Amino acid sequence: MITTTDLTKVYRSRGREITALDGVDLHVREGEVYGVVGQSGAGKSTLIRCVNLLERPTSGTVTVAGQDLTALAGRGTRAGSALRKARTGIGMVFQHFNLLSSRTVRDNVELPLEILGVSGKQRTRKAQELLDLVGLADKAKAYPAQLSGGQKQRVGIARALAGDPKVLLSDEATSALDPETTRSILQLLRDLNRQLGLTVLLITHEMDVVKSICDSAALMRDGRIVESGAVAELLATPGSELARELFPVGGELPGTDRTVVDVTFHGEAATKPVISQLARTYNIDISILGAAMDTVGGRQVGRMRIELPGPFEENVVPIGFLREQGLQIEVASGAEAALRAANDGNPIKPANPIKPTEPTELTKEGAK
């Protein structure tokens, strides 16, 4: 639904050049909620404003719903009729609402329809339908100053839907809201995505937003996308930076006499007592250094950092046991990579394999 190819944006000021976007390739599928996350200055806002050509890219292409918007832009600074028509299929929700204080809630929602030349009665009926959709049917005659922050953002969302868009862009739409209101707005966006078949592209610096509603996500840094993909797949990818950001786990890395392992589990594995099984099976003491768990896309997902006694070569078999349970495993101390490099990339064989122990009377009693 949304594709950018080698997208570049360079700002020039007083003889200096600042590269805000540096060859960004993005692909958002129809009907999904796609989050772009990154710190301030990463290029997120510039990217989303280039998608609807509020900012003209320096180079590269932007395609939305099969239309190459960059080809419609022309060379002038003003948008031509073809680009304006294409933009009616793209709604935009802003961080600071951008409502007109002198107009009522309904009049604010009607504004895009006025610009499109829709008649008065049709505008009023459409605006009232949209306000009902976002839960503000009783606020039609109120003014923005009489609304809470969450209500103002709902008006902004209703206004963005006035042109029956296929794509909804959200520019930090929840960053000015308190946590409870943020959750309600995110749920509204997800409901609209499902009810109307909207494709939603949102930018945020909050990882909780990605966990709450995003099907796919991209991590931006210094004007580039450094990682992207379906959230569920990223969580299952060892070494994923986004996975570490979404589910941070603490714990200091030890010396060579201990092995620290990051374990990612989801689906059925999230409900199994795998760590206790590991401890009983191999009769080893396991320290849990940190853990995080949440629900992503309706599935329970979590990460855990555990510490095993002994260096990596003594823990190959227990680590293999975890992998056999369907868990994603990453050796956080980096010992595995070092050993593989020293072994010319060949599989590592443990010097002293740890064998499963027979259950003792104590462990039998514990199992009962």
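Of the residues making up region 136-149, those that are surrounded by fewer than 16 Cβ atoms within 10 Å (Cβ to Cβ), outside any helix (DSSP H, G or I) and of a type in the set (Gly, Ala, Ser) are 142, 148. No other residue among 197, 223 is surrounded by fewer than 23 Cβ atoms within 10 Å (Cβ to Cβ), touching a residue at least 60 places away in the same chain (Cβ under 8 Å) and over 24 Å from residue 107 (Cα atoms) apart from 197. Just one of the listed residues (158, 176, 217) is assigned to a loop (DSSP other than H, G, I, E, B), in contact (Cβ under 8 Å) with a residue 40 or more places away in the chain and touching a helix residue (DSSP H, G or I) at 6+ places or on another chain (Cβ under 9 Å), and it is 176. Suppose the filter is assigned by TED's automatic domain parsing to the domain that holds residue 300, of a type in the set (A, V, I, L, M, F, W, C) and at pLDDT 75 or above; does residue 274 pass it? Here the answer is yes, as residue 274 does meet what is asked.
Looking at this structure, is residue 317 within 24 Å of the chain's Cα centre (by Cα) and either surrounded by 16 or more Cβ atoms within 10 Å (Cβ to Cβ) or at pLDDT 90 or above (or both)? Don't jump to the end; show me each part of the working.
Details: within 24 Å of the chain's Cα centre (by Cα): no; either surrounded by 16 or more Cβ atoms within 10 Å (Cβ to Cβ) or at pLDDT 90 or above (or both): yes.
Answer is no for this residue.
When residue 46 is tested against (1) of a type outside the set (A, V, I, L, M, F, W, C); (2) at pLDDT below 90; (3) buried (at least 16 other Cβ atoms within 10 Å of the Cβ), just one condition goes unmet, and that condition is (2). The residues on offer are 126, 166, 152, and the sole one that is in contact with a strand residue (DSSP E or B) (Cβ under 9 Å, 6 or more places away or on another chain) and either in the same structural domain as residue 205 (by TED's automatic domain parsing) or over 30 Å from residue 3 (Cα atoms) (or both) is 166.
The values are calculated or read from the model by the stated rules, or taken from the named source; none is laboratory data. Being a predicted model, the structure only gives us computed values, none of them experimental. Don't worry about glycine lacking a Cβ; one is built from the backbone with ideal geometry, like all the others, and counts go over all protein chains shown.
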